Amino acid sequence: MAQQNCHCPVSTTATSQQEVSPPPLKRRRLTQTPSQTLDSSRASSTLQTAHQPRSSSPSNNALRVFSWNINGINAFLSSTPPARKITCYFPESTKPQKSVTASMDAPPNADRLRTPPGQAPLGSPHSLRAFLARHNWPEVLFLQELKMKPRDGPALLPKILSALNTPLNAADSVSDHRTYTLNAVLPRDKHNAKAFGGRLYGVATIIRTDLARKWVATVREVDWDIEGRVSVVEMRGAPERQVRNEPATKPLALLNVYAVNGTTQPYRDALTGAVHPNCPTRHDRKLVFHSLLRDECLSLEARGFSVVVAGDVNIARGPADGHPNLRTFPEQHCLNRVDFNTKFFGEEDNKRAGAHVGTQVRRNEKCLDAVDVFRATYGMEKRYTYYPNRGEWGSSCDRVDMVFVSKQLWDDGRVIDTGILDTPQERGPSDHVPFWVKVAS
């Protein structure tokens, strides 16, 4: 079914997506980097824990892809006032009072400074630019679950771009290495994306300007999804190698994915609104989504790309990916898990990950034969990406966000490193933590 294009009149380079342009795991104590000087005292202090997961460092001839299900973009755009105290209803005293929260680093009259409406305080923990600065200006940032209605795009996308590119302070210099482009794919399915007033799903692909100008051929959506779940970055190939008999490096295709969450809720025909006859529930749609995503990846490989898929797949592959245990009820969640593992990973990777593949042999089932980068790098180490806001940190968590790559990309040694930023501070207002992969370009 053909998708209806959704343009945003914010950029002269708008595509069928909504586009705006200006673009480890052993824990150890973080060493200070130049980017840390850009954060406000509040942003820095919240990250001074005894131990921190290792982040990535920039290097030539490599790109870093960060991915994060942010559970709604609004927390990164608006400053929500704190709950009102009862004293706010009393007349204010005109007598000058000394602030008990004043900082030594605060400028004169800092208490009179106000954040512009609709924008997070620069350098605050929920600032997208502070996040990028803290992690040494990664080349690519994938966001999932924007929770934006398509009609809000023209108003909100410029605010997101401003949050990405407005300097944090006087020490924050703006250049092609520190500014970003933005492409958003928002849901347009009026029958399956209508909960919460249509504020659900949606992905954003954020690319550093220097990379976008030199190496990105196109950023596009797919024609088999209109729920705002997939964005594809097709990179340009490097110049032919001059060494005789040495093959050229395959260009990368980066896929930003927010996979369907399987539930018993009905899945409806996008045109008629009736329950889909061949795909009656969200569980059924999830299985179809797996097949369509796999076929998209296989098609990209057939065109000569090496594939990197990163995002929230809404699947924990095996026992090591769930704490205190793996979700097994209702049984359909187990079937969804088997379906994902058999469509995307071969026997070697599934064995390495301790992944559930079921007992029945699936004959003639196409397989991407990808590599789960975290498991291939760190074996059965138990690290997680989904940390619900309810309850104590770490009491219940799952690794449902991941990066997997073409097997040849892994075999060629082009995957350099990966990590999960699993702290409450990095989780921020979301219920997922960011993770990253570094790949030789």
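The values are calculated or read from the model by the stated rules, or taken from the named source; none is laboratory data. Bear in mind that the values here come from a model prediction, so they are computed numbers and not experimental data. No Cβ is skipped: glycine too gets one built from the backbone with ideal geometry, and neighbour counts run over all protein chains shown. Side chains are part of the model used for accessible areas, which takes the heavy atoms of the whole protein and leaves out ligands, DNA and RNA. Shrake-Rupley method; radii C 1.70, N 1.55, O 1.52, S 1.80 Å.
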Near pairs, Cβ below 7 angstrom, 6+ apart or cross-chain, from region 400-412 (within 9 Å of VAL371 (Cβ to Cβ)) to any residue that is aromatic (Phe, Trp, Tyr): PHE404/PHE344
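Report, by residue number, each residue of region 299-314 that is closer than 24 Å to THR264 by Cα and open to solvent by 10 Å² or more (accessible area, probe 1.4 Å). Don't jump to the end; show me each part of the working.
Just the residues of region 299-314 that are closer than 24 Å to THR264 by Cα, to begin with: 311-314.
Once the filter is applied, which keeps residues that are closer than 24 Å to THR264 by Cα and open to solvent by 10 Å² or more (accessible area, probe 1.4 Å), region 299-314 yields only ASN314.
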Flag if ARG375 is within 27 Å of SER291 (Cβ to Cβ), of a type in the set (D, E, K, R), open to solvent by less than 10 Å² (accessible area, probe 1.4 Å) and not in a loop (DSSP other than H, G, I, E, B): yes
Residue pairs meeting the criteria (Cβ under 9 Å; at least 6 apart or on separate chains; first within 17 Å of ALA195 (Cα to Cα) and of a type in the set (Val, Ile, Thr), in region 262-290; second in a loop (DSSP other than H, G, I, E, B) and at pLDDT 95 or above): VAL275/TYR267; VAL275/ASP269; THR281/GLY262; THR281/THR263; THR281/THR264; THR281/GLN265; THR281/TYR267
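Determine if region 170-191 includes at least one residue that is on the phi < 0 side of the Ramachandran plot, among the aliphatic types (A, V, I, L, M) and assigned to a helix (DSSP H, G or I). First the steps, then the outcome.
The first filter runs over region 170-191 and keeps only residues on the phi < 0 side of the Ramachandran plot, leaving 170-191.
Those left that are additionally among the aliphatic types (A, V, I, L, M): 170-171, 174, 182, 184-186.
With the extra rule that they be assigned to a helix (DSSP H, G or I), the set shrinks to none.
No.
Every residue, every condition in (1) among the basic types (Lys, Arg); (2) touching an Asp or Glu at 6+ places or on another chain (Cβ under 6 Å); (3) under 22 Å from ALA370 (Cα atoms), yes or no:
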site: TYR258; (1), (2), (3): no, yes, yes
site: ASN261; (1), (2), (3): no, no, yes
site: PRO266; (1), (2), (3): no, no, no
site: ASP269; (1), (2), (3): no, no, no
site: PRO280; (1), (2), (3): no, no, no
site: HIS283; (1), (2), (3): no, no, no
site: VAL288; (1), (2), (3): no, no, yes
site: LEU293; (1), (2), (3): no, no, yes
site: CYS297; (1), (2), (3): no, no, yes
First in region 195-209 and among the hydrophobic types (A, V, I, L, M, F, W, C), second anywhere and in a loop (DSSP other than H, G, I, E, B) and open to solvent by 50 Å² or more (accessible area, probe 1.4 Å), Cβ under 8 Å, 6 or more apart: PHE196/LYS147; LEU200/LYS147
Residues located in region 132-169, provided they are under 26 Å from ASP401 (Cα atoms) and part of a helix (DSSP H, G or I): LEU132, ALA133, ARG134, PRO150, GLY153, LEU156, LEU157, ILE160, LEU161, ALA163, LEU164
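Only one residue in GLU365, GLU347, GLU296, GLU331 is under 25 Å from the mean Cα position of the chain (by Cα) and open to solvent by 10 Å² or more (accessible area, probe 1.4 Å), so which one is that?
Details: GLU365 fails: under 25 Å from the mean Cα position of the chain (by Cα); GLU347 fails: under 25 Å from the mean Cα position of the chain (by Cα); GLU331 fails: under 25 Å from the mean Cα position of the chain (by Cα).
That would be GLU296, the only listed residue that is under 25 Å from the mean Cα position of the chain (by Cα) and open to solvent by 10 Å² or more (accessible area, probe 1.4 Å).
Can you report the number of residues in region 379-403 which are at pLDDT 95 or above, open to solvent by 50 Å² or more (accessible area, probe 1.4 Å) and over 19 Å from the mean Cα position of the chain (by Cα)?
Count: 7.
State whether one or more residues within region 161-168 are under 26 Å from GLU296 (Cα atoms), open to solvent by 10 Å² or more (accessible area, probe 1.4 Å) and of a type in the set (Ser, Thr, Tyr). Quick ask: steps written out before the conclusion?
Let us first name the residues in region 161-168 that are under 26 Å from GLU296 (Cα atoms), namely none.
Looking for residues that are under 26 Å from GLU296 (Cα atoms), open to solvent by 10 Å² or more (accessible area, probe 1.4 Å) and of a type in the set (Ser, Thr, Tyr), one finds none in region 161-168, hence no.
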Matching residues, region 416-437, being open to solvent by less than 20 Å² (accessible area, probe 1.4 Å) and not in a loop (DSSP other than H, G, I, E, B): THR418, GLY419, ILE420, GLU426, HIS432, PHE435, TRP436, VAL437
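Pick out the one residue from VAL288, VAL308, VAL338, VAL275 that is among the aliphatic types (A, V, I, L, M), in contact with a His (Cβ under 7 Å, 6 or more places away or on another chain) and modelled with pLDDT of 95 or more.
On the way: VAL288 fails: in contact with a His (Cβ under 7 Å, 6 or more places away or on another chain); VAL308 fails: in contact with a His (Cβ under 7 Å, 6 or more places away or on another chain); VAL275 fails: in contact with a His (Cβ under 7 Å, 6 or more places away or on another chain).
On inspection, the qualifying residue turns out to be VAL338.
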Evaluation of ASN325 against (1) polar (S, T, N, Q); (2) exposed (fewer than 14 other Cβ atoms within 10 Å of the Cβ); (3) under 22 Å from VAL65 (Cβ atoms) (one fails), failing number: (3)
Enumeration of residues in region 238-269 that are at pLDDT below 95 and open to solvent by less than 40 Å² (accessible area, probe 1.4 Å): THR249
